[in-house]
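The values are calculated or read from the model by the stated rules, or taken from the named source; none is laboratory data. No experiment lies behind these values; they were computed from the predicted model shown. Cβ atoms come from the backbone with ideal geometry, glycine included; neighbour counts cover every protein chain shown. For accessibility, only protein heavy atoms count, side chains too; no ligands or nucleic acids. Shrake-Rupley method; radii C 1.70, N 1.55, O 1.52, S 1.80 Å.
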Amino acid sequence: MIIARGIRKIYDDRRGKRFEALRETELEIARGEVLCLLGPSGCGKSTLLNILAGFENPTSGTVTVDGITVRGPDPRRILLFQEYGLFPWLSALGNVAYGLKIKGLPRQECREKAMDMLRMVGLDAFADNHPHELSGGMQQRVAIARALAVDPELIFMDEPFGALDSLTRLRMQDELEKIRLMRNQTMVFVSHDIAEAVYLSDRIAIMSPSPGQITMVIQVPLTRPRSRTSQSFTDIQDLIYSELKLSNRLYSEYTI
Amino acid sequence: MRNKNWDSRLVAISSVEKWVYPGIVFMVFIISWQAVAMSGIYTPYQFPSPLEVWRSTLELYEQGTVLKHIRVSMYRLLAGFLLALATGVPLGILLGWKTRLFSAFDPLIQIIRPISPIAWFPLAILWFKIGDPPAIFIIFMAAVFPILLSTIAAVRSVHSFYVKVAVNFGAGPGQMILNVVLPAAFPQIMVGVRIALGSAWIHMVAGEMLGVQSGLGFLVVDARNFLRTDWVISAMILIGILGLLLDAVMAWIQRRISGSFGNPAIKINN
């Protein structure tokens with residue numbers, strides 16, 4: 001349902017030099033699908049995500065959702081960040097209710113629906129706490145609840161768990177997997193964590209830098225919930241690893 | 001010294017020390033003052049001793065006019081300060097939010113800002129005649145720039161992540177200002193508002209020394225005209241203490257509001 005055709009992005013840097021952030025990119029994402037943009041830093045994955053979400057215009061090419069061209073951000077497509085996403089002056093409940101309030105829902109309805117969402121991510125007991133009183137993982141769950149509250153067609157996530165410690169990260173991946181199963185939510189997320197990509201995605205678009213481009217799209221045919229230690233899981237991880245090594249022969253910075 | 005003595009700023013002060021250290025400093029200050037007064041360098045008229053000031057302070061308060069002066073000053077301060085708030089905050093939000101407007105108005109603001117509010121006095125008299133209005137105008141001029149500039153800076157430094165989130169959820173311009181920009185900028189605006197109140201207080205006294213027949217500034221001038229240096233000092237001490245109290249009230253409000261905004265990014269000292 002979301003189709004990106006011939007997306008290119010060229011920046012002019014401060015010295016007026018042109019920088020090709022994204023070369024001709026084609027991508028299709030089906031309803032209910034979870035897609036991961038995987039690659040090292042500088043491969044244009046965040047740029048592509050921002051273009052898909054409507055926050056940046058491509059230099060050329062178009063993004064369409066159900067046939068309608070994306071011209072800007074829209075509440076039907078919510079972008080989640082690694083951090084800073086929550087409003088520090090609002091409680092967890094206030095944050096989750098924010099999108100509903102903007103939609104113009106009556107106050108009582110906002111509260112109830114926001115509370116339901118907090119319950120879904122297991123944070124109903126923290127409804128009145130402000131973000132700085134919550135751990136990083138809890139904050140990200142509130143951000144997810146806020147996005148889900150407005151029933152978006154699509155959720156974009158820019159390295160959603162990048163700021164979390166590795167154990168919290170695993171727990172958050174389980175949490176997201178649970179939500180996906182419950183709501184069949186279409187999601188596109190950016191990651192540089194191979195295991196995270198394999199665990200969560202239906203398909204993985206592997207990207208490489210200079211210029212940024214998708215070099216390969218891998219189907220993940222494993223049944224859910226997935227076991228991180230199964231042979232088939234590690235096989236796919238190995239496949240991606242070798243693909244990344246191949247496509248980034250000049251890019252020695254990347255390590256697992 | 002307790003632990004953490006590798007950084008003298010981290011030394012913990014006990015509740016007793018909190019009173020003992022200032023007590024010592026005040027005592028040394030008053031003894032030095034007494035010593036200079038007794039040294040004979042100055043006549044008692046030029047340099048009254050602390051004891052004389054204490055006696056004349058009591059005398060001054062017995063006259064019963066001090067309270068009236070305080071009330072008049074407070075009224076002018078509040079009027080000028082609230083006017084400055086009502087202009088500075090909305091204008092600051094507008095200029096902070098609209099970069100083109102900011103670049104258009106910033107040079108003009110930067111030229112007017114360094115002019116001492118007192119320099120406006122001749123014009124204030126011409127425009128607002130005598131009585132309270134010129135004094136209120138000077139207080140306004142003293143308060144409006146700290147408020148305006150801190151609001152502009154606060155709005156301009158609101159993290160664009162917040163704006164991005166609000167736009168994503170479909171917030172319109174009005175909702176953006178009210179529900180995102182204002183609360184995000186509020187703690188930093190309050191810092192400027194507190195500085196503005198201090199500036200207003202200082203210039204209020206100066207303003208009242210020029211054109212009016214009442215208020216704390218007038219109290220100082222009036223005492224001088226009566227050749228009562230002791231009363232001048234009494235009035236100065238009163239101005240200092242009231243200014244301290246005002247700032248304490250402001251600090252309390254600031255803490256309360258910042259707390260309810262739940263923003264740990266700006267920590268307020270004192």
Karplus (6.51, -1.76, 1.60) ³J(HN,Hα), θ = phi - 60°, over the stretch B:50-62, in Hz, Gly and Pro reported as x: x, 5, 4, 4, 4, 4, 6, 5, 4, 4, 4, 6, 5
Euclidean distance of C-alpha centroids, the stretch A:106-144 and the stretch B:151-198, integer Å: 23
Interface area, A with B, accessible, probe 1.4 Å, both sides summed, Å² nearest 100: 2100
Environment charge at A:E175 (Cβ cut-off 12 Å; Lys +1, Arg +1, Asp -1, Glu -1): +3
Accessible area (Å², 1.4 Å probe, nearest 10) - A:M182: 110
Dipole of chain B [Lys/Arg +1, Asp/Glu -1 at C-beta], most positive-end residue of B:M74, B:M176, B:I233: B:M176
Cα-centre dipole for the stretch A:74-131 with unit charges at Cβ (Lys and Arg positive, Asp and Glu negative), debye to 20: 240
Percent accessible area from carbon and sulfur atoms, the stretch A:46-125, protein chains only, probe 1.4 Å: 48
Interchain or long-range residues, amide H under 5 Å from A:F156's placed H: A:I78, A:L79, A:L80, A:V188
Whole-Hz ³J(HN,Hα) from phi, Karplus 6.51 cos²θ - 1.76 cosθ + 1.60, for the stretch A:116-122, glycine and proline x: 4, 5, 4, 4, 4, 8, x
Tail fraction, Cα-Cα pairs, the protein assembly as shown, threshold 40 Å, whole percent: 45
Where a label projected 7 Å from the Cα of B:V249 along Cα→Cβ would reach, residues of the stretch B:150-186 with amide N under 19 Å: none
Positive-pole candidate from A:L27, A:N50, A:I78, dipole of the stretch A:1-102, charges at beta carbon: A:N50
Solvent-accessible area of A:K103 with every protein chain in place, 1.4 Å probe, in Å² to the nearest 10: 110
Nearby lysines by direct alpha-carbon distance to A:K103 (threshold 19 angstrom, same-chain neighbours under 8 apart not counted): A:K113, B:K164
Surface share of carbon and sulfur [accessible, 1.4 angstrom probe, percent] for the stretch B:45-137: 72
A:F161, B:F186, reordered so the largest accessible area comes first (probe 1.4 Å): B:F186, A:F161
Solution diffusion estimate, µm²/s, Stokes-Einstein, chain A, Kirkwood Rh from C-alpha pairs, 25 °C, viscosity 0.890 mPa s: 129
Formal net charge of residues neighbouring B:L219 (Cβ-Cβ distance under 15 Å; K, R +1; D, E -1): 0
Estimated inter-spin distance, B:K68 and A:R23, nm [label 7 Å along Cα→Cβ]: 8.8
Cut-off under 5 Å, modelled amide H: who pairs with A:E56 long-range: A:I51
Gained length - A:D12 relative to A:S166, 0.36 nm times residue gap less alpha-carbon distance: 51.8 nm
Rounded accessible area per residue of the stretch A:136-233, 1.4 Å, Å²: 36
Residues along the stretch A:61-104 losing 50 Å² or more of accessible surface when the other protein chains are present rather than the chain by itself (probe 1.4 Å): A:F81, A:Y84, A:F87, A:P88, A:W89, A:Y98, A:I102
The stretch A:153-243 - percent of accessible surface contributed by carbon and sulfur, probe 1.4 Å: 52
Nearest-10 value in Å² for the accessible area of A:H192, using the 1.4 Å probe: 80
Cut-off under 5 Å, modelled amide H: who pairs with A:V34 long-range: A:M187, A:D202, A:R203
Charge sum, other residues only, whose C-beta stays under 14 Å from A:R18's C-beta, Lys/Arg counted +1 and Asp/Glu -1: +3
Rounded to the nearest 20 debye, dipole of the stretch A:96-156 from Cβ charges on Lys, Arg, Asp, Glu: 120
B:I112 paired with A:R228, simple spin-label distance in nm, labels 7 Å along Cα-to-beta-carbon: 6.1
Phi-based couplings in Hz for the stretch A:201-214 (Karplus 6.51, -1.76, 1.60; Gly and Pro marked x): 9, 7, 9, 10, 9, 8, 10, 9, x, 6, x, x, 7, 7
B:F140, A:F81, reordered so the largest accessible area comes first (probe 1.4 Å): B:F140, A:F81
